[in-house]
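Working notes, structure below.
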Amino acid sequence: MASQQQLSAIKGAKVLMVGAGGIGCELLKTLALSGFQDIHIIDMDTIEVSNLNRQFLFRQSHVGQSKAKVARDAVLKFRPQMSITPHHANVKDSDFDVEFFKQFNVVLNGLDNLDARRHVNRLCLAADVPLVESGTTGFLGQVTVHVKGKTECYECKPKPAPKTYPVCTITSTPSKFVHCIVWAKDLLFAKLFGDKNQENDLNVRSSDAASSSEHANDVFERRKDEDVDQYGRRIYDHVFGYNIEVALSNEETWKTRDRPKPIYSKDVLPDKLTQLNGNLDKSGATDDFSSMSAMASLGLKNPQDKWSLTECSRVFLEALKLFFVKRVKEIGNLSFDKDDQLAVEFVTAAANIRAASFGIPLHSLFEAKGIAGNIVHAVATTNAIVAGLIVIEAIKVLQKDADNYRMTYCLQHITQKMLLMPVEPYEPDKSCYVCSETPLLLEINTHRSKLRDFVEKVVKAKLGMNFPLIMHGSNLLYEVGDDLDGAMVANYAANLEKVLSELPSPITGGTMLSVEDLQQELICNINIKHREEFDEEKEPDGMVLTGWTQAPPVEEEKANGNGASSSNALQAEPVETKKDAELEEIPESSRRKRKLPEDSEGTDVDASNETKNHKDVEKLDDDDDDDLVMFDDWASVTNKKKRLQ
């Protein structure tokens with residue numbers, strides 16, 4: 001039973017909820033039943049059919065509608081006296097600035113990506129509003145409290161680096177099915193259906209070129225006199241046959257590896273493809289392109305069946321045909337989407353054909369979609385438990401009960417007679433560049449790298465700034481904003497294309513840059529150190545940022561596969577457990593001591609069962625919500641730590 005003091009804090013609180021998905025639905029319900037009266041919800045997503053099995057505020061009739069608005073309407077039916085304000089928008093929109101955040105007593109996060117979480121963390125710091133983070137992935141969950149000056153901020157701890165694969169592994173020497181998925185999704189699918197001008201690491205040279213000039217032609221370009229079936233077979237033979245033969249010509253590569261087998265369409269399909277090919281009228285084609293299916297037109301029904309090589313080949317050619325016949329207007333603008341049935345079928349078929357060539361076991365569409373879409377299925381009960389823990393911590397925050405703040409881990413197996421593991425939060429990290437404003441060090445070749453490289457690879461990708469302003473001393477080098485006049489925009493655009501040492505105010509070794517995000521009210525100082533050479537495999541960005549902490553990349557490759565091609569490494573995106581969480585391991589160097597509740601008796605916690613599948617860093621984004629930290633060495637959480645003041 002809540003005390004009078006707690007009830008008073010609850011009723012007088014103004015709460016911002018960011019995210020109305022798996023955790024968000026449970027959280028809004030729990031807030032309402034706990035007596036909260038004034039809640040704002042921000043969520044840019046609309047309801048999908050796949051949400052309905054656990055996001056219980058939504059029904060079939062709500063598909064396509066705003067999550068924030070439908071969640072509000074559902075809760076008002078049983079708590080009509082509440083004030084719930086929905087915002088169907090991106091939390092990074094300029095409307096949600098520091099002044100907007102200042103009106104709230106606490107912010108509760110349920111986001112599905114690192115960039116947005118960092119953004120909210122910075123706005124909470126700037127507005128001096130407490131933040132409660134949360135996340136679930138399967139049976140695992142976590143709730144953390146972040147209060148400026150009292151506890152660590154969200155970015156004090158290293159976040160997991162997405163697993164990267166060298167391009168040579170993906171294009172030439174795959175050894176795991178995930179390598180085939182990355183190849184099919186990020187190279188082949190992108191080359192056939194995406195931006196034709198984007199760089200791609202696939203071999204595009206024709207096998208029948210008669211001259212060097214013909215060799216320069218892109219084999220993926222469809223010829224004028226070529227029908228879709230002919231084009232499909234030619235692409236099939238090129239990527240699964242000719243390209244494999246080209247790879248085999250390098251004898252050195254295969255001295256210690258099993259040699260792949262080239263696969264040509266004539267080896268697995270009859271010459272008359274129409275004898276086995278499907279009926280486009282049975283493709284399930286509707287106005288909703290995402291439901292179009294090659295499986296339907298071929299009579300394949302069970303997504304958990306493993307297709308034979310012949311079936312994979314038929315699906316590959318049928319899916320390609322459907323894209324070029326039924327969805328031709330989209331060609332050139334498509335990117336892989338796990339909710340696009342035809343895209344998933346194409347990638348599954350292509351990955352399986354490549355896997356067969358390299359002697360890798362084939363996978364079902366269900367399994368392949370899990371890898372390609374980074375899906376680990378959510379558990380509704382975990383969401384409900386975590387939502388309850390969020391509200392408990394929110395009440396503590398509203399009462400300013402800092403001594404009793406807890407980070408709580410929801411475990412899969414009982415450990416020390418507990419399924420919930422509460423530990424005291426970290427103190428602020430004095431080296432954190434976000435909440436402590438500690439300068440960073442950037443090693444970069446100032447004579448070769450352009451300002452654009454610095455903005456894209458450091459300021460945006462690593463520091464997560466959306467509206468950066470870059471200054472060298474009193475000289476403004478770059479700025480983003482809607483209020484810039486044409487001359488300023490042109491000037492900054494010109495600066496982007498200049499190498500650092502040739503800017504109007506040259507950036508060389510020993511320079512200090514000041515980078516500011518006006519929306520986040522974050523300022524970061526970066527010391528520049530000139531460096532001539534970088535390892536292309538280990539340092540593909542051609543620069544190294546120190547002081548910006550990021551956890552080591554994922555070693556376990558059981559579920560991964562996304563990223564831009566045309567660099568020296570392809571990224572594997574974090575596993576998405578339908579977007580409710582992130583799982584990460586704290587590396588030994590950055591682990592700090594924590595104190596368990598007194599009933600833990602100070603003994604070591606054996607959580608080997610909980611972490612046996614998560615010994616390395618693995619980021620998991622569960623369904624629409626957010627962030628989880630687990631330990632490889634759980635004994636570290638039992639060590640005593642200075643109490644927060």
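Data overview
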quantity: Segment ASN105-LEU248, length gained on full extension (0.36 nm per residue, minus Cα span); calculated: 45.1 nm
quantity: Part-to-part distance (alpha-carbon centres) for segment 338-368 and segment 107-181, which is given in Å; calculated: 28
quantity: Range of Cα positions in segment 10-61 per principal axis (Å), largest first; calculated: 36, 21, 17
quantity: R0 of 60 Å, Cβ-Cβ distance GLN304-SER474: FRET efficiency to nearest 0.05; calculated: 0.40
quantity: Of all accessible heavy-atom area on segment 320-475, the percent that carbon and sulfur account for (1.4 Å); calculated: 53
quantity: Peptides ranked, highest mean first, by Cβ atoms within 10 Å: ranges 122-130, 332-340; calculated: 122-130, 332-340
quantity: Listed residue pairs exceeding 31 Å between alpha carbons, taken from LYS29/LYS400; LYS159/LYS400; LYS176/LYS326; LYS261/LYS450; calculated: LYS176/LYS326; LYS261/LYS450
quantity: Segment 20-174, accessible area per residue, ligands and nucleic acids excluded (1.4 Å, Å²); calculated: 33
quantity: Accessible area of segment 340-399 divided out per residue, in Å², using a probe of 1.4 angstrom; calculated: 25
quantity: Area of GLU443 that stays accessible when all protein chains are in place (1.4 Å probe, Å², to 10); calculated: 40
quantity: Extension gain, ASP337 back to VAL489 (0.36 nm per residue minus Cα-Cα distance, nm); calculated: 51.3 nm
quantity: Rounded to whole Å, sorted largest first: equivalent-ellipsoid semi-axes of segment 320-388, Cα gyration tensor; calculated: 29, 20, 8
quantity: By average C-beta atoms within 10 angstrom, highest first, the peptides 488-496, 245-253; calculated: 488-496, 245-253
quantity: Whole-number D in µm² s⁻¹ for segment 288-356, Kirkwood Cα-pair radius fed into Stokes-Einstein, 37 °C, 0.692 mPa s; calculated: 271
quantity: Stretch gain in nm, segment LYS400-ASN53, where the contour uses 0.36 nm per residue and the Cα spacing is subtracted; calculated: 121.3 nm
quantity: Kirkwood hydrodynamic radius over Cα pairs of segment 350-458, then Stokes diffusion coefficient at 4 °C and 1.567 mPa s, in µm²/s; calculated: 65
quantity: Alpha-carbon spread of segment 92-138, three principal axes, descending order, Å; calculated: 36, 21, 13
quantity: Kirkwood Rh, angstrom, segment 437-525 [1 / mean 1/r, Cα pairs]; calculated: 13.2
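The values are calculated or read from the model by the stated rules, or taken from the named source; none is laboratory data. This is a predicted model, so every value here is computed, not measured. For neighbour counting, all protein chains shown are included, and Cβ atoms are generated from backbone atoms with ideal geometry for every residue, glycine included. Calculation scope for accessible area: heavy atoms of the full protein, side chains included, ligands and nucleic acids excluded. Shrake-Rupley method; radii C 1.70, N 1.55, O 1.52, S 1.80 Å.
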